[in-house]
């Protein structure tokens, strides 16, 4: 019997340097910076088709929404 390894993929929408960033979990640099939170969320939602959960944060860092892939 073999074990199945499931890799959880998450992308975070975070406030960064006065803009909004899209940060894939496990990476140090944002994969994109956007002027508005709405633009960053739109970009993040495109990753759902690739199996990413989307975690949307408020400016203070708290999680405001978690969308499963």
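The values are calculated or read from the model by the stated rules, or taken from the named source; none is laboratory data. None of the values given here were measured: they were computed from a predicted structure. For neighbour counting, all protein chains shown are included, and Cβ atoms are generated from backbone atoms with ideal geometry for every residue, glycine included.
Contact map, the range 17-44: residues that are under 16 Å from residue 65 (Cβ atoms) paired with residues that are exposed (fewer than 11 other Cβ atoms within 10 Å of the Cβ), Cβ distance under 7 Å, separation 6+ or inter-chain. Pairs shown: 20/36. For the range 9-28, the set of residues classified as surrounded by fewer than 10 Cβ atoms within 10 Å (Cβ to Cβ) and touching a strand residue (DSSP E or B) at 6+ places or on another chain (Cβ under 9 Å) consists of 17, 26, listed by residue number. As a summary of the residue check, residue 31 satisfies the conditions (1) modelled with pLDDT under 95; (2) closer than 17 Å to residue 6 by Cα except for the one numbered (2).
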